[in-house]
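> The structure follows.
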Amino acid sequence: MPFRFGRVPSSFAALGLLALSCAMPVAGHAQSISAMAAQAEAGREPPPPAPTASEPAAPRAPAQAVAASEDIPVPVPAVTIFPGDVITAGMLTEKMMPQSAVARSGTMAGAPSLIGKAARRLLVAGQPIPLNSVSEIPLVIKGAATRVRLEEGGLSISGYATALESGVAGAVVRLKNMDSGQTILGVVQADGSVRVSMK
């Protein structure tokens, strides 16, 4: 006698449809069991779903700004320095300035390079000192009697001449011979004298 199914109550049918719908993967979000197991084994969360056309992507964080140029100490006058003044350590102080600004403006960057030099123009207290505003102290002064030395081979003669121009050590200056009135050329030495040659 063939077995016949009886009529299934409606409540059981509803439960069966619910279980069947839970077991079926949702389109677009299905994920295999092996993929889920691999993610769990790696200990990481699955990547977030890509944004759809209706969901705009989250804005990126702005790139970190480039660090500003480091500040360096720059020598500046502690007091007003007048043209012709010889710069001493007591006349200087320090001011912090960006390294890029110092390089761009041609500013003196070290106190030792200033000490012993003469101001060529007015240097205002607290303001950076431009490279072209100082110069070496002239060892020969225009119009002053200057010791002249002639050393050629074993010959050594010294005397005095009138400087026709000022000059620092190593500079070539013109002088006027006090006896003959002749103009001669010589190189300023570190001791303030001028060395001439017979040529």
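Read-outs: derived from the displayed coordinates by stated rules, not from any lab. Keep in mind that this is a model prediction, so the values were computed, not measured. Every residue, glycine among them, receives a Cβ derived from its backbone with ideal geometry; neighbour counts consider all protein chains shown.
> Taking H placed 1.01 Å from N in the peptide plane, check which residues at least 5 places from residue 80 or on another chain put their amide H under 5 Å from its amide H.
125
> Another question, if that's okay. Applying a 10 Å radius around every beta-carbon, put 123-130, 151-158 in order of their mean neighbour count, most first. Spell out each step's value before the answer.
Details: 123-130: 16.2, 151-158: 9.1.
In descending order of packing, they fall as 123-130, 151-158.
> Further, regarding this structure: Test of understanding: what is the full-extension gain from residue 118 to residue 177, defined as 0.36 nm times their sequence separation minus their Cα-Cα distance? Walk me through the intermediate numbers first.
Working: separation 59, 0.36 × 59 = 21.24 nm, distance 2.86 nm.
Gain on extension, residue 118 to residue 177, equals 18.4 nm.
> While we're on this one: Enter the mean projected area of the convex hull around the alpha-carbon atoms of the range 82-189, in nm², rounded to one decimal. It would help to have the intermediate numbers written out before the result.
Values: hull surface 36.6 nm².
Here the figure is 9.1 nm², rounded to one decimal.
> May I pose another question? How much length is gained if the chain between residue 151 and residue 78 is pulled fully straight, taking 0.36 nm per residue apart and subtracting their Cα-Cα distance, in nm to one decimal? Numbers along the way, then the final one.
Details: separation 73, 0.36 × 73 = 26.28 nm, distance 4.52 nm.
Difference between extended and current length: 21.8 nm.
> Here's a follow-up. Between residue 86 and residue 168, what is the label-to-label distance in nm when each label sits 7 Å out along the Cα-to-Cβ direction?
The two pseudo-label positions are separated by 1.5 nm.
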